[in-house]
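Read-outs: derived from the displayed coordinates by stated rules, not from any lab. Just so you know, these numbers come straight off a predicted model, no measurement behind them. Backbone-built Cβ (ideal geometry, glycine too); neighbour counts: all protein chains shown.
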């Protein structure tokens, strides 16, 4: 392994790979260090919905960031697919956030009003209209908020496309390489200690998802990110049952190629355990059959889990360490890591380039308690 | 492939392999022809319960045959494991057929009375006694019929043990070899046509399970066996949850090694489709969690299906063709193919040896309508 | 299952699905009967090379048919992907048929001459030119015949795309449905006997690959098609090693997405056994490393086998039964089933439509010995 | 997670589980912390040979330790299987270390002399005798050193049997729980920091294999253990080809149940990468076919890799930290982790119990350079 880089990225998930891609594109010499395999954790487990409007239900910097990131997809996926040859599965057939009760209906109507004011498309479809769009959803639903612009990708595909495109542009990826510590010198970072020896750079970015906390402990910073497990399953319907993603309280169904449906996801806080339990799949199956009854006859394919990084205030951490120059973090994207990956890559590259100064609401100095000894 | 055998067995499932084993033990030169792989259909899919008393709830020849077969296990598995080196997973920790309602309770008490009269052990355990035996079953059950002698095996293991033991004794097994037709001469069989050419023998046994009907059509015999699909799943509990098999209406849970639990099984008539549906696993998971709530936290391992052969009167067909000498069938064991495999092997070998004359209730001549042109 | 169709196709492989697609497009009511799963045999096992010029090395009707089929791809895959949503992996980056010895070089130069005369592009690349095109092929090769127009597909993807597109157009596919016999009436076919009962149609097409012989035996026709097993493996290179397919005596390497390389294939005659042997993979690995040394460091992914249908004269059988009207066969494509699937679908549809009369060199009446009792 | 234990074991591999078993048996309250799943690294990858005489070819403390450990197997596996219900696959059919050249023959004869002097059984079998024992080994070998007492186990099975038996005796196992640091107080350990929070104990044992070095860096101790990757494959022979393990330079073949053969293993230093390369499997296949030609026809099953921990002097580290009381290591078993697990468990339990004082040659204070700041 060559020993000095313009930037070292820790973590070969979707955000680490996106940052590497942006930096490589700007001519930087980049190394990405991944403990196991590329996209082997939450980036490979995600259902891939780009829910800027579905997932984010109130105004604020994250909503802005998400909308910006969503607009980057059409052009970006084209560029990535051309460079990498890896299909991203990007498609934009909208989402349906359904209401089964009057309370949910009122909540959705408020949301539509807010989003319309914000300049986004969102529309109420009463039961009969919903069934025209999606004849296979349950006829007992009251209706749905229709969001034409929330698309989806193959999360693992997009993640590998970022990585392979970055490789084509000269970035180096080292799998099965653990980072055990930062190498600090005075008030700046100068490299990392890996289980293969030290590597040097004056810019180190930790894109380490739910595993971020421990690495930073030694720098006196207690990053409030905790793991939240999500379990999913996939099934193959003989004929496509839905065109857009169907989204309800506690369950979403995402249509993939060849009749495949991905159903997610549980929320189990404070665990790194990736085992899929009987109760989780049982509950998801029950909810999915209520939403789209025809899934009952689909063939069960497989079940899996991913570990999402949740910050205490729900916002990701994107910024420089308050005490060490050159040491950055880009983590805490929770359920929106796939959606936010384009904007995260660009923003972090701008930050390393000195093009932006302060990431405002995403900066690390917001951590309460701040730096400890 | 050598061309003349003392006996040809069609089907490399558990009964075909058991018959081959018994014949090889008696010095016969045997060929077993399997369309795909040994134990690749229902023999490899079965949960392996030996439910002589659990599954068979009324007196008659099948109950007698099942009890006889069950007694053969302890000695037979020892012999097979020594010869083949393949573990059969045989264990005898009993079954619990539970009652959730008063009606079920009365039904079970009748069954206990009948089985006690028949000389079998069966005992009513009220709720508190059941929980002493099996502390992890639902505390809301009224109790269970406890059958200490209904054990279980690894169905696939036992099936391969029969086959490998038969091989050690000289039997030849040909996988990926389809039989397309019998070769008949006057009123007797003289061989079979395979997709690799003809093979000759004056004794041909079809141990072809749910696939038996079509092969016999051309002999003028319409064997009333139909396929019944059964879906299952397995899960791994951190610690063993149950010692014996727990059996209820529509669901059983079988404890295997290392905390593995096999949960079965659906009953879908008239299909050879081996796809596992969402609705099937959803329903089994719900029932299993009601029976043994702790399974909720077990890790989902995998799901699969098998196709059982059901005859119109519920009895297997074991006997010679009414019109062609030397042509035998051993099929239609429905949910009891594993349990009945020891006795089936012995009985069919006796029949080929001329040691028994008439298989009475299992004979083919009971087919209504009889022979057609 | 509805009971009467305009056409019944036996076999859910790529040619059965292609025929179904063409018929459905013409408004016919079509049923496809598949014994197991769609594309589960050779169509799902093939490496997907479209070797019109690579595989077919002499003039004649098969070469013409192959060239015609190859030209259909660009438009057809676009249509199929739009209708079905299934990616076919079609790409056209050419093939390199390499020479390691002077004899091979001379043979290739003759071939180039023949193909140039036939109006096809084919060019000799000496060692240094070859290495400019493909820097990772062995530098010890003498050179290669470069065929810019022999592309490739994901064989399983294309097969499912045909099937799903046919479904969208109304064709019905029945998996796990075996055909046991034709139903004949006088001199015509009127349906088939399946293990789910009879289905009727006055047009029945057997697209049954290596399994064709047995079905036709009862019609007095001994179709000279035999099975030839081919074993393959795939490996994942960190970076793409080759752009086009590299083809030598006894081994080809096909570059797929994300650095995947498919290496094939052995030729084992007269067996339906799908087991992959140690010797086969060992030999392929040795050859592949000689061709493209960098594959040594690629990660072994998996190994598999398929069973190809070889006719006695090397030509497929495409035509009507000499004795039974309405009974057709489309089988015997050997190593070219994927390449020939577009033209086979169209030709068979034309034949059923009465648009073509006689398939000349592919007709069944060429079978020597002809009809037997 | 309960917060205070008599002992904490880091690592749920075979040695961590063996230590936990011995401590639990002595009534200690034990927690085992495993970063992923039990036996998921080298313990689950090992071929399971117990090569006390095959692997260890010179006198010294490791040879003594290995012989002692080997004698513990028969009784121990019985106890573990009874407690845990997990089969260990223990069998003792000897090993054959073969000679293909005169040099190898002379080397083996020296080895036999040494081992005979040491009181162990070892015998030279010339070619014709070897072929009587093992008719399927290559007839071109000069002969073999026959070691009747070097048996084998299912490495993963034994590892889980240790763990499950320990659980039955009260030990607690926490999967998906990473240890990020020791908690030290003055000159002793008082617990560990995990990604789920701190856990306390005054006895902490790191059974962390090739991953040991980094954890100890912060204690000022640079443990000279490095990773050595080993790649393997398995194949299924129709009939058992060998009875004992066949062992040559660079390749061994271990016979498992049902005709399965495990072939290992490469030696790639200084990498944690678990990917299996084409060149590795290609080389192993070639060697295996030279040793036992019949493996050519066996069915390739799968390929995998494990990461073995190699110390600089070849001896494991078994002992207490020179600077911190209560902090122990048991790692560096290299190719002999399975063989040494019984003795390691007992020795470490004795050490924690104060029954032994100094582990002599295995102690940590032998590390050259000693403690650094």
Go ahead and set up a Gaussian network model of chain B, Cα springs under 10 Å, then flag whichever of B:169, B:160, B:106 fluctuates most. B:106
In this structure, the FRET efficiency calculated for residue D:236 and residue D:200 from their beta-carbon separation, with R0 = 51 Å, to the nearest 0.05, is 0.55
Least to most buried among C:273, C:358, by other C-beta atoms within 10 Å and fewest first, runs C:358, C:273
How many percent of DSSP beta bridges within the protein assembly as shown run antiparallel, rounded to 5? 75 percent
Whole percent per 20 Å bin, from 0 to the bin with the longest distance: what is P(r) over all C-alpha pairs of chain D? 30, 56, 14, 0
R0 of 35 Å, Cβ-Cβ distance residue C:142-residue C:68: FRET efficiency to nearest 0.05: 0.60
Roughly what % of DSSP beta bridges within chain C run antiparallel, to the nearest 5? 70 percent
Rounded to whole Å, how close does chain C get to the rotation axis onto A by Cβ? Give me the residue too, please? C:87, 3
Other-copy label distances relative to residue B:323, 7 angstrom Cα-Cβ extension, nm: 2.1, 9.2, 9.3
Tilt, helix A:61-84 to longest principal axis of chain A (alpha-carbon atoms), in degrees rounded to tens, equals 80 degrees
Share of Cα-Cα pairs in segment A:282-350 lying beyond 20 Å, as whole percent: 53 percent
Can you give me the C-alpha center-to-center distance between segment A:28-96 and segment B:306-373, rounded to a whole angstrom? 61 Å
Rounded to the nearest 0.05, what FRET efficiency do residue C:270 and residue A:218 give with R0 = 51 Å and r taken as the Cβ-Cβ distance? Could you check? 0.15
Once both axes come from the Cα atoms, what is the angle between helix D:14-25 and the longest principal axis of chain D, in degrees from 0 to 90, rounded to 10? 60 degrees
Relative contact order [Cα under 8 Å, 6+ residues apart], segment A:56-163, whole percent: 38 percent
Springs between alpha-carbon pairs under 10 angstrom, Gaussian network model over chain B: which of B:279, B:201, B:159 fluctuates most? B:279
Label point 7 Å beyond Cα along the C-beta direction, distances from residue D:180 to other copies (nm, shortest first): 1.7, 6.6, 6.8
Seen from all sides and averaged, what is the projected area of the convex hull of the Cα atoms in the protein assembly as shown, in nm²? 56.9 nm²
When segment A:18-144 is reduced to its Cα atoms, the Kirkwood hydrodynamic radius in Å: 17.6 Å
Antiparallel DSSP beta bridges within segment A:1-149, percent to nearest 5: 70 percent
Residue mean of other protein chain beta carbons inside 10 Å, B:31-37: 1
Would you look at the GNM of chain D, springs on alpha carbons closer than 10 Å, and say which of D:206, D:163, D:237 moves the most? D:237
Relative to the first principal axis of the alpha-carbon coordinates of chain B, what is the inclination of helix B:155-168, with its axis defined by its Cα atoms, in degrees from 0 to 90 and to the nearest 10? 30 degrees
Stokes-Einstein diffusion coefficient of segment B:201-304, Kirkwood radius over Cα pairs, 25 °C, 0.890 mPa s, in µm²/s: 156 µm²/s
So what is the 222 nm mean residue ellipticity for the protein assembly as shown from helices alone, if each DSSP H run of at least 4 adds -39500 (n - 2.57) and you divide by all residues, rounding to the nearest 500 deg cm²/dmol? -9500 deg cm²/dmol
What average number of partner chain Cβ atoms lie no more than 10 Å from the Cβ of the residues making up D:268-274? 4
Can you list the distances in nanometres, one decimal and ascending, from the residue C:59 label point to the identical position in each other copy, with the point 7 Å along Cα to Cβ? 7.8, 8.4, 8.7
Taking B:212, C:139, B:17 and counting other beta carbon atoms within 10 angstrom, the fewest-first order is C:139, B:212, B:17
Ranked highest first by the average count of other Cβ atoms within 10 Å around their residues, in what order do D:61-71, D:126-136 fall? D:61-71, D:126-136
Mean other chain Cβ within 10 Å across B:174-181 is 4
Alpha-carbon centroids, segment D:98-113 and segment A:201-254: separation in whole Å: 57 Å
Using the count of nearby Cβ atoms within 10 Å as a rough guide to exposure, how do B:323, D:42, B:140, A:311 rank from fewest to most? B:140, B:323, A:311, D:42
